[in-house]
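Below: one structure, written as structure tokens.
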Amino acid sequence: MTEKDNPPGRSLAAAPSIGSLAVTVAVLFAALFWPAGRLDWPRGWIFLGAFLALTAIAIVWIWRTNPELFAARSRYQRGTKRWDAVVATLTIILFVAILPVGAFDDGRFHWAPQSDWVVLAGYVLLITGYFGLTWAQSVNRHFEPTVRIQTDRDHKVIDTGPYAVIRHPGYAFAIVLGAGMALSLGSLYALIPVGLLVVMLFGRTLGEEMELRRGLKGYEEYMDRVRWRWVPGIW
């Protein structure tokens, strides 16, 4: 059996605390409106509201389907590879960097003004990416922030949900999410950190597969069944 055998009981204590959510809101607000240099930036407020709404939906989704993931993703766990701790930290930085770059562009300097159609397309990508990423997290109890063989958590191959189609749906949907964040802020310049994110996740995908092939029973057979890493028919 390749999915979790005995889903843990749901507990509100497993969900993120009010304090951590407040910090998230504060970071988002600062990353958007300090670089914009003003509070009267409609696209910034719309983005903030939409992102928080999606986050609330994702929290409820994970709490109902895979609540132990909150604790598993709360920190880098023991056994994390040093190289991946660096990569994971840089990945977080690149994701956060999308916001101030977009704010500097659309909110303050207007380097490359974009139409509302571009923003609308951004929200389509944002919603698709966020829900796709949450879907991957909901079926994979091993979806920790870093790469390691989770011998302490009965690590098994996950081949259901999006993992039945591509091997790394988390990374694929994260890139879609990042592109959606940039465009929903009306910024092409914010796609620069997204491009760097693609390069970072490309390398991480190869490094993760090396670790899983070497240490996770059944992963090579899974690679034979599911050929594609990110995009079916391409890679």
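The values are calculated or read from the model by the stated rules, or taken from the named source; none is laboratory data. From a predicted model like this one, the values you see are computed outputs, not experimental measurements. Positions of Cβ are backbone-derived with ideal geometry, glycine not excepted, and every protein chain shown enters the neighbour counts. To get the accessible areas, we keep the full protein, side chains included, count just its heavy atoms, and leave off ligands, DNA and RNA. Shrake-Rupley method; radii C 1.70, N 1.55, O 1.52, S 1.80 Å.
Contact annotation: residue pairs with Cβ atoms under 9 Å, 6 or more positions apart or on different chains, pairing a residue in segment 176-195 that is free of Cβ contacts under 8 Å to residues at least 40 places away in the same chain with a partner that is assigned to a helix (DSSP H, G or I), are L191/I98; L191/V101; L191/G178; L191/A179; L191/A182; L191/L183. Screening R153 on (1) closer than 30 Å to W34 by Cα; (2) touching a His at 6+ places or on another chain (Cβ under 7 Å); (3) among the basic types (K, R) shows it passes everything except condition (1).
Selection within segment 111-124: residues that are over 24 Å from the mean Cα position of the chain (by Cα) and either under 30 Å from R75 (Cβ atoms) or among the small types (G, A, S) (or both). The member of this set that is least open to solvent (accessible area, probe 1.4 Å) is A112. Within segment 148-169, not a single residue is among the hydrophobic types (A, V, I, L, M, F, W, C) and under 21 Å from L52 (Cβ atoms). Whether a residue is touching a Phe, Trp or Tyr at 6+ places or on another chain (Cβ under 7 Å), aliphatic (A, V, I, L, M) and in a helix (DSSP H, G or I) was assessed, and A182 does not pass this test.
Does R108 meet the test of being on the phi < 0 side of the Ramachandran plot, touching a residue at least 60 places away in the same chain (Cβ under 8 Å) and open to solvent by 70 Å² or more (accessible area, probe 1.4 Å)? Here the answer is yes, as R108 does meet what is asked.
Would you mind finding the one in I98, I166, I149, I127 that is buried (at least 19 other Cβ atoms within 10 Å of the Cβ), over 16 Å from L191 (Cβ atoms) and either within 18 Å of the chain's Cα centre (by Cα) or in contact (Cβ under 8 Å) with a residue 12 or more places away in the chain (or both)? After ruling out the rest, the residue left standing is I166.
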